[in-house]
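Derivation of every value follows stated rules applied to the coordinates shown; laboratory data play no part. Owing to the predicted nature of the structure, the values given are computational and were not obtained by experimental measurement. Virtual Cβ from ideal backbone geometry, glycine too; neighbours counted across all protein chains shown.
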Amino acid sequence: MSNFTHALALYDMAGQVDRLRFQLRTLPPAPAIPAVDSVSARVEDLIGITSAVSAQIKHCLSDLMSGEPTKAALKAYSNALAPLGEALAELGRMHAEIAHYNFTTHPAHRGSPSDLEVPRQEVNEMVSVCCETADEILEVAAIELRDAAVKLMPSPSSPARHSRPRTPGRLRSALPPTPPAVTPRVAKSR
């Protein structure tokens, strides 16, 4: 694979991580407790991203002899794998807390809302901490992937072509010619 291809793949992966971060921010804030299925969807998204990174690592390892771009991409994907795993652990913890509250704590104290106040606060705190931590971890992973992509982007092949400033004369030549100015003729006396 070329530098450009590796860079695009790294940018795409960083974009997927950023989309997941955005989706995490759309979860309802405290005192509401996010729905289990919406958290499950985010966990599945992160599992998909982590699996894709693992597949890229495997691909890079099989193509390691192709040169420096592959080695640089391999390093970037490997560096991103640990933060993705940490973020997955945070989302898993958040999912477990919400599920425990919804399916165990809430039904047990349904008749006495005052008994639910403390467990509800605890769940809200845990969800907030897990969500913020996962967001920070995912931000680090996205930055690392994006930085690696920037380093792999190929430099322009002919710098002279890109460095020449556009001159008004070059712009004017693209426009249709203007007719010559019409000057009034002076009548000759006879």
Restricting attention to region 16-39, which residues are of a type outside the set (A, V, I, L, M, F, W, C) and over 17 Å from Glu132 (Cα atoms)? Gln16, Asp37
Being of a type in the set (A, V, I, L, M, F, W, C), over 20 Å from Phe22 (Cα atoms) and surrounded by 14 or more Cβ atoms within 10 Å (Cβ to Cβ), is that true of even one residue in region 126-139? no
Out of the residues in region 34-88 meeting the condition of being over 23 Å from Asn102 (Cα atoms) and of a type in the set (D, E, K, R), tell me which one is surrounded by the fewest Cβ atoms within 10 Å (Cβ to Cβ). Glu68
